Amino acid sequence: MIARRSALLLAAGAALLSVPRHVFAQAATPPGGPFTLAPLPYALDANEAAIDARTMELHHRFHHGAQVANLNAAVANHPQVAAMPLDQILMKLPEMPEAVRTAIRNNGGGHANHTMFWAIMGGKGGDPTGDLAAAIARDFGDLPAFRTQFDRASTTLFGSGWAFVTVTREGKLAIVQKPNQDNPLMDGTHVLMGNDVWEHAYYLRYQNRRAEYVRNWWQVLDWDKIGARYAAARAGTLTI
């Protein structure tokens, strides 16, 4: 079964590569609605040290774009929900209309997760500084211990999902795993940073070698942007 699944994934990847780029651009165009797919804040090849440009393109335009479109469709007949900020929607998920709650969970969570994911990359790796570095040392011992724990969360998550670092208003950090497109906001906790370990995030280059992808991912983090998220969390202004 494992061999057959790998073969199917390889075939699917080959099929995606053969589709003209303009098809993905059309497929990812969200219909009118309150939620939009923002352009990447850097070139498609900005993260080549960890993620190839074609994966970035497919992941952003096709996967994330579809989630934005599906989220807009889910709230189209619920104007009170459509008027809410995304972080409030996710924090109040049990209050969402039952008929669209699952669609909001999957696509709203995916929209929040990916928006954060694109924002913290495009850098050159290295080490955090300032208050964030101090918080990592306080809560995890040191940076190598933090990376080891985060890598373990990223590689041991069964199936598809995310590894997150959460942050409280007091600046306390913790590492959590979430399945599918669930987001810690659904538990009332804000996200500092996180890594997407769905296979579509890395399969074209790494196939089943998730650990290699996770290891390389540190090379493209922008610690200045992550540090800004930490400061925003402590100021009470961090959203998604």
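What are the residue pairs meeting all of these: first residue in the stretch 84-105, first residue at positive phi and loosely packed, with under 15 Cβ neighbours inside 10 Å, second residue in a helix (DSSP H, G or I) and of a type outside the set (S, T, N, Q), Cβ atoms under 7 Å, and 6 or more apart or on different chains?
none
What is the one condition in (1) among the charged types (D, E, K, R); (2) at pLDDT 50 or above; (3) more than 18 Å from the chain's Cα centre (by Cα) that ARG5 does not satisfy?
All conditions are met except number (2).
Residues of the stretch 30-83 being β-branched (Val, Ile, Thr), free of Cβ contacts under 8 Å to residues at least 40 places away in the same chain and within 28 Å of TYR202 (Cβ to Cβ), which ones?
Result: THR36, single match.
Can you tell me how many residues in the stretch 164-220 are farther than 16 Å from TRP118 by Cα and either modelled with pLDDT under 95 or in a strand (DSSP E or B) (or both)?
Selection size over the stretch 164-220: 10.
Confirm whether ALA133 is assigned to a helix (DSSP H, G or I), loosely packed, with under 14 Cβ neighbours inside 10 Å, out of contact with any Pro (no Cβ under 6 Å at 6 or more places or on another chain) and not basic (Lys, Arg).
Criteria not met by ALA133.
Can you name every residue in the stretch 221-240 that is assigned to a helix (DSSP H, G or I) and without any contact (Cβ under 8 Å) to a residue 24 or more places away in the chain?
In the first step, residues of the stretch 221-240 are kept if they are assigned to a helix (DSSP H, G or I); the result is 223-235.
ALA228, ALA232, ALA235 - these are the residues of the stretch 221-240 that are assigned to a helix (DSSP H, G or I) and without any contact (Cβ under 8 Å) to a residue 24 or more places away in the chain.
Scan the stretch 122-136 and tell me whether some residue there is out of contact with any helix residue (DSSP H, G or I) (no Cβ under 7 Å at 6 or more places or on another chain), more than 26 Å from THR102 (Cα to Cα) and charged (D, E, K, R).
Among the residues of the stretch 122-136, at least one is out of contact with any helix residue (DSSP H, G or I) (no Cβ under 7 Å at 6 or more places or on another chain), more than 26 Å from THR102 (Cα to Cα) and charged (D, E, K, R), which makes the answer yes.
Looking at ASN77, ASN107, which one is part of a helix (DSSP H, G or I) and at pLDDT 95 or above?
ASN107 is the lone residue from the list that is part of a helix (DSSP H, G or I) and at pLDDT 95 or above.
Rundown of residues vs (1) more than 22 Å from THR239 (Cβ to Cβ); (2) in contact with a strand residue (DSSP E or B) (Cβ under 7 Å, 6 or more places away or on another chain); (3) among the basic types (Lys, Arg), yes/no style:
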site: ASN70; (1), (2), (3): no, no, no
site: ALA99; (1), (2), (3): yes, no, no
site: ILE104; (1), (2), (3): no, no, no
site: ILE120; (1), (2), (3): no, yes, no
site: GLY123; (1), (2), (3): no, yes, no
site: THR129; (1), (2), (3): yes, no, no
site: ARG138; (1), (2), (3): yes, no, yes
site: TRP162; (1), (2), (3): no, yes, no
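Considering only the stretch 40-74, how many residues are under 17 Å from VAL197 (Cα atoms), of a type outside the set (D, E, K, R) and either in contact with a helix residue (DSSP H, G or I) (Cβ under 8 Å, 6 or more places away or on another chain) or assigned to a loop (DSSP other than H, G, I, E, B) (or both)?
Of the residues in that region, 12 qualify.
The values are calculated or read from the model by the stated rules, or taken from the named source; none is laboratory data. The model shown is predicted, which means the values in this text are computed figures rather than measured ones. Positions of Cβ are generated from backbone atoms using ideal geometry, with glycine treated the same way; all protein chains shown enter the neighbour counts.
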